[in-house]
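Asker: Got a structure for you, written out below as structure tokens; questions coming shortly.
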Amino acid sequence: MSTERVTLETDETRFSGEFGSRAQGRLRALAKGQSKERENYSKGASVRLRMIDLNLFRVFDAMMLHRSVRKASQILSVTPSAVSHALSRLRQSIGDELFIPTEYGMQPTPRALELASAVREGLAKLQLALTGKESPPTGTLRTFCIGATDYACMVIVPRLVKRLAKSAPNIDLRVLSSNCVDVVRRLERGQADLVIGSFTELPAGIRRSTLLREDEVIAVRTGHPLTRGKVTKERLGEFPHVVVELSGTKGNEADGSTNGQEMGRPLSIERALQELQNGKMDPVGRMAVCVPNFAAVAPFLQLSDMVTTLPRQLALWAAAHAPLALLDLPHQSMEVDIEMLWDQAADQDQGLQWLVNELAESMGDVG
């Protein structure tokens with residue numbers, strides 16, 4: 001990290017650094033009648049610029065991107081203690097904690113979130129002015145936090161990772177479970193960059209874009225009796241079902257939701273299919289086994305005549321890794337839009353907008 005700094009000492013009204021002599025001359029040239037204006041200028045400058053090393057904002061930006069002192073130190077090629085020391089100096093200069101330790105990492109304060117866009121834009125413009133070119137997102141080290149459901153972790157995120165392995169090998173992903181938490185609030189608090197799932201109404205300020213429309217199919221073991229002859233509701237009802245019951249979904253205790261249409265509440269395909277399987281929509285069989293995630297379904301199907309209903313893309317993935325057969329439902333299949341969400345405050349974040357585009361492009365080969 002460069003040690004060059006630009007400093008303003010307002011108590012003696014002089015600049016140090018490269019521009020010191022010119023700034024000092026300008027201040028001395030002020031007319032006596034402008035003394036009050038000069039005093040106000042000095043007071044304002046003392047709050048904003050006193051002893052602020054411009055390199056501290058590089059540390060601030062790295063912390064906003066990675067929410068980790070260790071990660072920030074790696075990208076800046078300095079020690080973690082140097083990052084901690086720089087944060088301490090910046091906190092004193094700005095008069096705010098800026099980043100607070102939590103179980104999700106170093107989370108920015110409201111003041112830090114206010115500063116983030118302007119700091120990043122300022123650093124980008126400075127780099128452009130000095131080098132004549134912008135730094136592409138694919139050439140930088142960065143960690144993105146993505147809130148994803150069980151379904152998204154198995155079907156969508158791996159496609160993104162495959163694409164990033166070629167286009168941006170320096171990009172890291174941190175996937176957070178969004179099955180039972182207020183994922184929209186995570187976006188607003190800066191605890192996640194993107195969220196993937198299915199949603200009803202959303203609060204103002206949240207962007208949304210559809211990744212794919214998902215429907216459902218029946219999954220059974222290879223050689224199951226249902227694979228011979230036409231599948232009817234009556235035949236389907238003869239066999240016990242394996243149902244995915246996500247932790248915290250029963251009664252909505254964990255996420256505090258009381259109404260399926262509550263603003264911002266995730267209506268994931270897992271929850272929608274669970275309602276179908278729980279008998280709230282066109283019941284077709286007895287629930288014999290409830291499991292907490294989709295990964296646990298296949299072993300039950302392979303070892304018995306149980307059946308289950310799965311999102312089509314997830315079922316195709318499961319059938320490619322286990323001896324399973326997929327069958328059409330004997331009634332109209334439900335369709336659910338799988339979306340990605342981000343906070344509108346990140347519209348100026350070129351790196352995140354690049355990731356949004358990469359995620360959308362990664363879904364192009366979904367059949």
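Asker: Pick out the one residue from ALA296, ALA318 that is under 33 Å from the mean Cα position of the chain (by Cα), under 30 Å from GLN191 (Cβ atoms) and not in a strand (DSSP E or B).
Answerer: From the options ALA296, ALA318, the qualifying one is ALA296.
Asker: Filter the range 232-251 for residues that are in a helix (DSSP H, G or I) and at pLDDT below 75 and give the result.
Answerer: The answer is LYS250, GLY251.
Asker: List the number of the failed condition for LEU187; all other conditions in (1) in contact with a helix residue (DSSP H, G or I) (Cβ under 9 Å, 6 or more places away or on another chain); (2) at pLDDT below 90; (3) within 30 Å of SER304 (Cα to Cα) hold.
Answerer: (3)
Asker: Continuing with this model, one more query. Filter the range 92-113 for residues that are hydroxyl-bearing (Ser, Thr, Tyr) and either exposed (fewer than 12 other Cβ atoms within 10 Å of the Cβ) or modelled with pLDDT under 90 (or both); which is farthest from the chain's Cα centre (by Cα)?
Answerer: Among them, the one singled out is SER93.
Asker: List pairs: first in the range 66-84 and farther than 26 Å from ILE146 by Cα, second aliphatic (A, V, I, L, M) and not in a helix (DSSP H, G or I), Cβ under 9 Å, 6+ apart or cross-chain?
Answerer: VAL78/MET1; ALA82/MET1
Asker: Let me ask something else. Would you check if there is a residue in the range 339-353 being crowded, with 16+ Cβ neighbours inside 10 Å, over 27 Å from ALA165 (Cα atoms) and not charged (D, E, K, R)?
Answerer: Scanning the range 339-353 turns up at least one residue that is crowded, with 16+ Cβ neighbours inside 10 Å, over 27 Å from ALA165 (Cα atoms) and not charged (D, E, K, R).
Asker: Also, quick follow-up: Out of the residues in the range 329-338 meeting the condition of being surrounded by fewer than 18 Cβ atoms within 10 Å (Cβ to Cβ) and more than 16 Å from THR200 (Cα to Cα), tell me which one is modelled with the highest pLDDT.
Answerer: PRO330
Asker: Give ARG221, ARG208 a once-over and let me know the one that is basic (Lys, Arg) and either touching a Phe, Trp or Tyr at 6+ places or on another chain (Cβ under 8 Å) or not assigned by TED's automatic domain parsing to the domain that holds ARG312 (or both).
Answerer: Only one candidate passes the filter, namely ARG208.
Asker: On to the next question. Of all residues in the range 195-218, which are surrounded by fewer than 22 Cβ atoms within 10 Å (Cβ to Cβ), touching a residue at least 40 places away in the same chain (Cβ under 8 Å) and over 30 Å from LEU301 (Cα atoms)?
Answerer: Correct list: THR200, GLU201, LEU202, PRO203, GLY205, ILE206, ARG207, ARG208, SER209, THR210.
Asker: For ARG91, only one of the following conditions fails: (1) within 24 Å of LEU187 (Cβ to Cβ); (2) free of Cβ contacts under 8 Å to residues at least 60 places away in the same chain; (3) basic (Lys, Arg). What is its number?
Answerer: Failed condition: (1).
Asker: Name the residues in the range 135-173 that are at pLDDT below 85, loosely packed, with under 12 Cβ neighbours inside 10 Å and among the charged types (D, E, K, R), would you?
Answerer: None; the set is empty.
Asker: With respect to ILE94, is the statement that it is touching a strand residue (DSSP E or B) at 6+ places or on another chain (Cβ under 6 Å) and over 17 Å from THR143 (Cβ atoms) true?
Answerer: no
Here's the yes/no breakdown for (1) within 19 Å of GLY351 (Cβ to Cβ); (2) in contact with a helix residue (DSSP H, G or I) (Cβ under 7 Å, 6 or more places away or on another chain); (3) part of a loop (DSSP other than H, G, I, E, B); (4) outside the structural domain of LEU113 (by TED's automatic domain parsing):
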residue: GLY147; (1), (2), (3), (4): yes, yes, no, yes
residue: TYR151; (1), (2), (3), (4): no, yes, no, yes
residue: LYS166; (1), (2), (3), (4): yes, no, no, yes
residue: PRO169; (1), (2), (3), (4): yes, no, yes, yes
residue: GLN191; (1), (2), (3), (4): yes, no, yes, yes
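Asker: Right, next: Step by step: first the residues of the range 64-91, then only those that are more than 25 Å from the chain's Cα centre (by Cα) and of a type in the set (Val, Ile, Thr), then the one that is surrounded by the most Cβ atoms within 10 Å (Cβ to Cβ). Which residue is that?
Answerer: Step by step, filter the range 64-91, then rank; the result is VAL78.
Asker: Tally time: how many residues in the range 52-85 are in a helix (DSSP H, G or I) and more than 25 Å from ALA346 (Cα to Cα)?
Answerer: 5
The values are calculated or read from the model by the stated rules, or taken from the named source; none is laboratory data. Everything numeric in this text was worked out from a predicted model, so none of it was measured. Backbone-built Cβ (ideal geometry, glycine too); neighbour counts: all protein chains shown.
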